[in-house]
1. Subtracting the Cα-Cα distance from 0.36 nm times the residue separation, let me have the gained length for Val35 to Arg3 in nm, one decimal.
2. Within the range 42-75, whose backbone N sits under 13 Å from a point 7 Å along Cα→Cβ of Ile185?
3. I want to verify a result. In a Gaussian network model of the chain, Cα cutoff 10 Å, which of these has the top mean-square fluctuation: Glu163, Glu38, Glu46?
4. Multiply the residue separation of Arg126 and Thr14 by 0.36 nm, subtract the distance between their alpha-carbon atoms, and state the gained length in nm to one decimal.
5. In the range 93-212, what percent of the accessible surface is made up of carbon and sulfur (1.4 Å probe, ligands and nucleic acids excluded)?
6. On full extension of the chain, what length is gained from Asp133 through His83, given 0.36 nm per residue of separation minus the C-alpha to C-alpha distance?
7. Mind telling me which of Thr48, Thr28, Thr137 comes out most flexible in a GNM of the chain, alpha-carbon contacts under 10 Å?
8. Dividing the convex hull volume of the Cα atoms of the chain by its residue count, what figure in Å³ per residue is obtained?
Amino acid sequence: PPRPACLTDFLEHTPDLMDGMLPHSRRTIGYINKVIRERPQIPPSETTIARKLYSPVGGAVDRGVLYLSGFDVAARPRLALSHRSARAQRLASALAEYRPPRRGVLRSRAAIGWLYLLAVLDPVVRGFRTLDDLDMTGFPSTINHASAAAWLETLIAADVALEIAQLLRAVRDIRLPGPVVANPILGGLGPVSGSDGDWIAGDTLVEMKCTT
């Protein structure tokens, strides 16, 4: 019998099921990869390479897509942090005070820093890491929109902010039509122990991965 696994691992180890459910999937993925290779690629910034920031950069893009689709991506971490330590509560207050722009968000260093912070906080909210890993140097003593925005600008190097903005523009240019569903929960029944996707656009589940 198949062992319990997340959806990605389950399909990888059960190729017959994959081929039965999605008989054209391998051909489709091959076509998608061919198209992607023909597009201009966005290389990682020097800071991303030096500090191995691939995961938070990818997480920032994930949250950026959902924010630009109209979702409150800060609601969950804001609520989770508000019930924890004093340090966590200060971060929750900053998330509550800061309001990113609806227009020109990709040109705002503070807004990109906000998306980056949300990506860094995700493993903290999930219980995989602690807040000790987050550099809060320069965190404002008085928290308001302006002071939070100024601090968020310092969280991210200029080349990383540009990289995230370029990636978000690339995702925007190939965005699938249809209503967007954020972070769908899959599984929890049978051999699929449980997974959460990044988003559903129309009838397509999008799972974004960042690579080196």
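1. 8.1 nm
2. Label zone hits: none.
3. Glu38
4. Between Arg126 and Thr14, full extension yields 37.5 nm more.
5. The value for the range 93-212 is 53 percent carbon and sulfur by accessible area.
6. Extending this stretch completely gives an extra 16.1 nm.
7. Top of the fluctuation ranking is Thr28.
8. Hull volume over Cα atoms, normalised by residue count, gives 145 Å³.
The values are calculated or read from the model by the stated rules, or taken from the named source; none is laboratory data. Nothing here was measured: the structure is a model prediction, and the numbers come from that model. For neighbour counting, all protein chains shown are included, and Cβ atoms are generated from backbone atoms with ideal geometry for every residue, glycine included. To get the accessible areas, we keep the full protein, side chains included, count just its heavy atoms, and leave off ligands, DNA and RNA. Shrake-Rupley method; radii C 1.70, N 1.55, O 1.52, S 1.80 Å.
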